[in-house]
Each structure stands twice: as C-alpha cells, then as structure tokens.
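Notes to accompany the following structure.
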Amino acid sequence: MDAFYASVELLRYPELRGLPVVVGGLRDQQPTPLADGSRHFSRLRDYAGRGVVTTSTYEARALGVFSGMGVMKAAQLAPDALLLPVDFDAYRHYSRLFKGAVAGIVPLIEDRGIDEIYLDLSELADDTLILARRIKQAVRDTTGLSCSIGISPNKLLSKICSDLEKPDGLTILAHTDIPQRIWPLPVRKINGIGPKANEKLALLNITTIGELAQADLRILQSHFGNNYGCWLHDAACGIDNRPLVTDSEPKSISRETTFERDLHPSHDRATLTALLTALCVRVGDDLQRKAYLGKTIGIKLRFDDFSTVTRDVTLAAPTADPLAIRRAARECLRRVPLEKKLRLLGVRVSTLSSNTVVQDTQLPHQWELPLMAEG
C-alpha cells in the first residue's frame, strides 16, 4: 500500500492532499474544528518531546522526513509540515478491507503486516498484467486507496519492484531484467540492508546492487560473517528461494524497531525504556486483537557491530498482558551484558494458544519502567 497510514489519514482529511503530512508523535495532536467549519492542524515546528515518525506523505518525504526518524529532527527538516497522531484502529480496518479485496481475486496470500502482502499468481490463467490491474482496481474500489505492485520470480525481487514506481506503480521484472533494472539501484534498496550495512559496504566501495553482485564473496564474508555475507551476494544476484507462507496460524507474534542512531544502554536509557515499553504494548495489542495468549517471552538485541543476541523466558501461564510481557522482557535483559551500543530492539511472544476471552488491557500513555533493574 502507498504511504498507507498517511493515505488513510488523507481519506479523513482530504484538504491535506498535496501537502507535507507527518503521522506520529503524541495522541494530543488531534485536529481541532474551527468556527468556519475548517480544521486547525498541528505543525512540526510546534512539537516538543520525544516521538518517532510513523509515516509521512510523499510530499514530506521529498523534504527528507521518513518513518523511524525522531519527530524533533523531522521538525528541523520540515517545520511547516502538518502533524497527525496515529490511529491504528483505522489502519487495521483498511488493512482488512484491502486484503479482503485481493483475496477475492488471488487465493494464495502471505500476510506480511498491516500494509503488505505477497501473492502467488503462477496458478492463475489470467494474463499477468490484466490480473495486476484487476487487483489494483479492486483495492481502490474497496478502500479508496492506491497500491503498488511488483511482479517477479521471487519475493525479494518483488519487494524491490513494488517500490520502483510508487505511488500507484506496477512493475513486472524477469531474471533477465536484473542487470538493467536492479543492478543500478543503491544497495539499500534490498530489504535487509540497513543503514549500518550500507555504510560498511560504502567503505568497501560498494554502493550499487550491481557492485555488490560482482563483489568477491570471500571479502563480503570476512566483513559481514559467512551467513550474512553469502546472503548479501545472493540477494544482489536476485536469488531468493523463500516459499510463500500462507499458514494463517502464527507460531509467534513480535515487534522490533531499528533505531535512527545507535543507542547507548546507559546514556540513552530513557529512550530505550520508552521504546521497549512501546514494543511490549504493541505486542500485547497484537495478541489481544488476534485472540492469542503466549507463554514464552523473548527479546532480540542487535548491537552496533551487527552481532545479535536473543534471550527468552517461559512463564507459568500464558498471557497477552503488556505489563506481564514487559516484566518478562526486563528479566531477559538482565541476562545480557549491555556494554555496546544498540541498533535494534525486538520483543517476541511464542508458544501461542487461542484465547477465547480477550480482555482489553490498556496502559497509561506515560507508562514508564526502568530498562534494567538498578545494580
């Protein structure tokens, strides 16, 4: 889906179309009605406090404002951009609508989150281009929103292609098109290459996907490790053998976030506390919404040297309570030496069971707990 959260907001506030709009920040940034029937919207320059950009319109992205960026930094880049709070209930509603519209045309679907799905078109008799246009029109008719489609032999290439002609794009790619269409792109276009990997590749004079495809595998493995180095080379060559996963029963539910900058466990304790809290709340919300309980709580940490550690703990009874998830995550953190800066934090709940009675456990907006036990 194209700038999904922002596009949903523009359905509600059509007067903002064509303007730089940022979704994120605090919930008290709601638009207020004026006497003449118009609405007053907050602007980034008036924002104060912590907060992260959830998404932005393409007009805001042209000013350098992207998801995951701190709202205060975004305010420096685009002070006149308009600011809206997130509304996940609305986004989930439109997510169900667009996925239902697609499912009426293509039965084999892998759900990849609130705004993205993978489809297997290989068993359908229709012409590929006609089929893609039908999907796009069905989504627009059902939701009023546009989507971008990338069609290729595998998921990795389709992910790249879906971004090539946004918004409202449609790209069809064969393996023979890779040198011309994919190799000139910057390496960061490959899903799985983040800012730090991009920087390390640049130090090796590798800035495009084509240069990565032609790089010596041994050099990549020496700098990134055997597995990740091999994956980098395969991805640059368009190799991806992952199957479509259509099983609707999840084995786990997780949330993770990669930081805009590396965070120090002590110096950035308050920021990390807020991020951990938000992840636990979102995982708990996901569990309750999907009617699951989980018994095993885990954390994922990726450090600034790309090393990754995981820890988990199994509770006596399954839960969907964010407070219980937070306590368990905190227990896991005590078992990790936090001596290096962090670039990613994740929370995962597994050993799932169906919950026939879902309780809505809401936490205060300013819920704060220490990241680690003192001492």
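Here are a few things to note about the model shown:
- Residue list for segment 314-335, filter: within 14 Å of SER266 (Cα to Cα) and more than 24 Å from the chain's Cα centre (by Cα): ARG334
- The residue pairs whose first member lies in segment 254-283 and is crowded, with 17+ Cβ neighbours inside 10 Å, whose second member is of a type in the set (Ser, Thr, Tyr), and whose beta carbons are closer than 7 Å, counting only pairs six or more residues apart or on different chains, are LEU263/THR271; LEU275/THR257; LEU279/THR257; VAL283/SER254.
- Identity of the residue in segment 227-248, charged (D, E, K, R) and without any contact (Cβ under 8 Å) to a residue 24 or more places away in the chain, that ends up nearest to ILE190 (Cα to Cα): ASP234
- Sole residue being modelled with pLDDT under 90 and either within 19 Å of PRO14 (Cα to Cα) or not basic (Lys, Arg) (or both), chosen from GLY100, GLY25, GLY104: GLY25
- Only residues that are in contact with a helix residue (DSSP H, G or I) (Cβ under 9 Å, 6 or more places away or on another chain) and buried (at least 17 other Cβ atoms within 10 Å of the Cβ) were counted across segment 71-86, and they come to 9.
Conditions (1) in contact (Cβ under 8 Å) with a residue 12 or more places away in the chain; (2) within 28 Å of ASP262 (Cα to Cα); (3) of a type in the set (Ser, Thr, Tyr), marked per residue:
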| site | (1), (2), (3) |
| --- | --- |
| TYR47 | yes, yes, yes |
| ALA81 | yes, yes, no |
| PHE88 | yes, yes, no |
| SER95 | yes, no, yes |
| ALA101 | yes, no, no |
| GLU110 | yes, no, no |
| ILE130 | no, no, no |
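- Test result for HIS223, in the same structural domain as ALA316 (by TED's automatic domain parsing), over 21 Å from VAL53 (Cβ atoms) and without any contact (Cβ under 8 Å) to a residue 40 or more places away in the chain: no
- Helices (runs of 4 or more DSSP H) lying entirely in segment 127-237 (those with 1 or more residues that are in contact with a Cys (Cβ under 8 Å, 6 or more places away or on another chain) and surrounded by 15 or more Cβ atoms within 10 Å (Cβ to Cβ)): 128-143, 209-213, 217-224
- Restricted to segment 3-30, and to residues there that are assigned to a loop (DSSP other than H, G, I, E, B) and buried (at least 19 other Cβ atoms within 10 Å of the Cβ), the residue that is farthest from the chain's Cα centre (by Cα) is GLN29.
Here's the yes/no breakdown for (1) under 10 Å from CYS280 (Cα atoms); (2) in the same structural domain as LEU275 (by TED's automatic domain parsing); (3) in contact with an Asp or Glu (Cβ under 9 Å, 6 or more places away or on another chain):
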site	(1), (2), (3)
THR308	no, yes, no
THR314	no, yes, no
THR319	no, yes, no
PRO322	yes, yes, yes
ALA329	yes, yes, no
LEU333	no, yes, no
PRO337	no, yes, no
ARG348	yes, yes, yes
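- Selection status of ARG242, in a loop (DSSP other than H, G, I, E, B), under 22 Å from the mean Cα position of the chain (by Cα), of a type in the set (Lys, Arg) and not assigned by TED's automatic domain parsing to the domain that holds SER95: yes
- Test: TYR118 is under 27 Å from ASP141 (Cα atoms), in the same structural domain as TYR13 (by TED's automatic domain parsing) and not charged (D, E, K, R): no
The values are calculated or read from the model by the stated rules, or taken from the named source; none is laboratory data. The structure displayed is predicted, hence computed values, not measured ones. Ideal geometry is used to build each Cβ from the backbone, glycine not excepted, and the neighbour counts take in all protein chains shown.
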